[in-house]
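Engineer: The structure is given below, and queries will be raised subsequently.
The values are calculated or read from the model by the stated rules, or taken from the named source; none is laboratory data. The model shown is predicted, which means the values in this text are computed figures rather than measured ones. Cβ placement follows ideal geometry from the backbone for every residue including glycine, while neighbour counts extend to all protein chains displayed.
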Amino acid sequence: MSQPHVVVLEPIADSGLRVLRSRCDVTVLDGTADARRDASLATCAALVVRSTPVTAELINRAPRLRVIGRHGAGLDNIDLDHARAVGIAVVNTPHSNAESVAEYALTVMLLLVKGVLGASRALHAGELSTPGRSLPGQVVASGYVGHEITTRRLGVVGFGAIGRAVACKAMALGMDVAAYDPYVEGTVMELAGVRRVETLDELLTGSDVVSLHVPGRPGQPLLGERELALLPPGAILVNSARASLVEPTALVAAVERGRITAAALDVFDPEPPPAASPLLHTPGIFCTPHMAAMTHEALDRMAVDVANAVLEALGLP
């Protein structure tokens, strides 16, 4: 009996490919522009994707498709309704990148709370070279004094695997952590040592730092002008989840007006953002290229986990 054909739409770690190749015939493409795409889809039983959109049109090009494997946690790049309608299983890796994304969130929180980025830029630009003044003295005089993160109030939006990992690491640093997630029971948060708040507004008004860890809905931002105005003056926002969670024009305005001291963004719409995007050119907004989960460890885990999930869905445990 021939082995099932699995198409990997973009390369994944070799560790995951080895798992797939042990039971399947595997074709690794180089994205949707790969000339082999349509011929490969025509015979595949499983499709493994990263962040590439899997539309109804793409699914319909694969008449033998039985399972879609998402190399990552979110499923918003997959047309789930159409997949369900045509009987295709969808699997993902909800826990594989939690530690890496949580470490990213804590890293940028520390950088922003302590004012490291502005001070580093000033040093590189030669702005801290006043004769007769000590370097620490110039840091103070130039307004680059940061804060301790200990006792800062962290608000975590979304208490899934990533949100829980962020909360755990933040509490180890001495932060006062609260979380908002209407789909998670309060006892789960209490067992983790986290205060549960009932509304997003309550979380925003009581947080010095807010970190987002929920799926996004295009066209329905979670944080717009009204919500950003609820944050205490000097607050910091971290979004390593989905670009659609934050209305970009409102964020730029809030930072420019000093309502928010700083924001860290790892996700954009579109990706990459246009070179002229205000998000890239507003002092106080720190941008990174969708790299929160991009560690060697997380990439290996995601590749192996999605491969095993696909094999299981194909009936090949």
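Engineer: Being of a type in the set (S, T, N, Q), surrounded by fewer than 17 Cβ atoms within 10 Å (Cβ to Cβ) and out of contact with any helix residue (DSSP H, G or I) (no Cβ under 9 Å at 6 or more places or on another chain) is true for just one of 130, 150. Which residue is that?
Structural biologist: Numbers: 130 fails: out of contact with any helix residue (DSSP H, G or I) (no Cβ under 9 Å at 6 or more places or on another chain).
Criteria check complete, one pass: 150.
Engineer: When you look at residue 203, is it of a type in the set (A, V, I, L, M, F, W, C), surrounded by 17 or more Cβ atoms within 10 Å (Cβ to Cβ) and not assigned by TED's automatic domain parsing to the domain that holds residue 237, yes or no?
Structural biologist: On the way: of a type in the set (A, V, I, L, M, F, W, C): yes; surrounded by 17 or more Cβ atoms within 10 Å (Cβ to Cβ): yes; not assigned by TED's automatic domain parsing to the domain that holds residue 237: no.
So residue 203 does not fit the description; no.
Engineer: Quick one: would you say residue 128 is out of contact with any Lys or Arg (no Cβ under 7 Å at 6 or more places or on another chain), at negative phi, among the hydrophobic types (A, V, I, L, M, F, W, C) and not in a loop (DSSP other than H, G, I, E, B)? Explain how you work it out, then say what you get.
Structural biologist: Numbers: out of contact with any Lys or Arg (no Cβ under 7 Å at 6 or more places or on another chain): yes; at negative phi: yes; among the hydrophobic types (A, V, I, L, M, F, W, C): yes; not in a loop (DSSP other than H, G, I, E, B): no.
So residue 128 does not fit the description; no.
Engineer: Could you grab me the full set of residues in the range 89-101 that are within 30 Å of residue 168 (Cα to Cα) and touching a strand residue (DSSP E or B) at 6+ places or on another chain (Cβ under 9 Å)?
Structural biologist: First pass over the range 89-101, keeping only residues within 30 Å of residue 168 (Cα to Cα): 90-101.
Correct list: 90, 91, 92, 93.
Engineer: Hey, among 146, 137, 118, which residue is touching a residue at least 24 places away in the same chain (Cβ under 8 Å), outside any loop (DSSP other than H, G, I, E, B), under 30 Å from residue 283 (Cβ atoms) and not basic (Lys, Arg)?
Structural biologist: Details: 146 fails: outside any loop (DSSP other than H, G, I, E, B); 137 fails: touching a residue at least 24 places away in the same chain (Cβ under 8 Å).
Only one candidate passes the filter, namely 118.
Here's the yes/no breakdown for (1) closer than 22 Å to residue 317 by Cβ; (2) in contact with a Pro (Cβ under 6 Å, 6 or more places away or on another chain):
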| residue | (1), (2) |
| --- | --- |
| 45 | yes, yes |
| 51 | no, no |
| 89 | yes, no |
| 93 | yes, no |
| 99 | no, no |
| 104 | no, no |
| 115 | no, no |
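Engineer: Does the range 149-168 hold any residues that are within 18 Å of residue 236 (Cβ to Cβ), of a type in the set (Gly, Ala, Ser) and either part of a helix (DSSP H, G or I) or at pLDDT below 95 (or both), and which are they?
Structural biologist: Once the filter is applied, which keeps residues that are within 18 Å of residue 236 (Cβ to Cβ), of a type in the set (Gly, Ala, Ser) and either part of a helix (DSSP H, G or I) or at pLDDT below 95 (or both), the range 149-168 yields 163, 167.
Engineer: Any residue in the range 142-156 that is closer than 30 Å to residue 313 by Cα, among the hydroxyl-bearing types (Ser, Thr, Tyr) and in contact with a strand residue (DSSP E or B) (Cβ under 8 Å, 6 or more places away or on another chain)? Walk me through how you get there before you give the answer.
Structural biologist: Of the range 142-156, the ones closer than 30 Å to residue 313 by Cα are none.
Within the range 142-156, none of the residues are closer than 30 Å to residue 313 by Cα, among the hydroxyl-bearing types (Ser, Thr, Tyr) and in contact with a strand residue (DSSP E or B) (Cβ under 8 Å, 6 or more places away or on another chain).
Engineer: Has the range 174-185 got any residue that is more than 29 Å from residue 78 (Cβ to Cβ), modelled with pLDDT of 95 or more, part of a loop (DSSP other than H, G, I, E, B) and in contact with a Lys or Arg (Cβ under 8 Å, 6 or more places away or on another chain)? Please lay out each step first, then the result.
Structural biologist: Applying the first criterion (more than 29 Å from residue 78 (Cβ to Cβ)) to the range 174-185 yields 174-178.
Those still in the list that are modelled with pLDDT of 95 or more too: 174-178.
Add one more test, that the residue is part of a loop (DSSP other than H, G, I, E, B), and what stays is 174-175.
Those left that are additionally in contact with a Lys or Arg (Cβ under 8 Å, 6 or more places away or on another chain): 175.
The answer is yes, given that some residue of the range 174-185 is more than 29 Å from residue 78 (Cβ to Cβ), modelled with pLDDT of 95 or more, part of a loop (DSSP other than H, G, I, E, B) and in contact with a Lys or Arg (Cβ under 8 Å, 6 or more places away or on another chain).
Engineer: Exactly one condition in (1) closer than 21 Å to residue 105 by Cβ; (2) within 15 Å of the chain's Cα centre (by Cα) is false for residue 270; which is it?
Structural biologist: Residue 270 satisfies every listed condition except (1).
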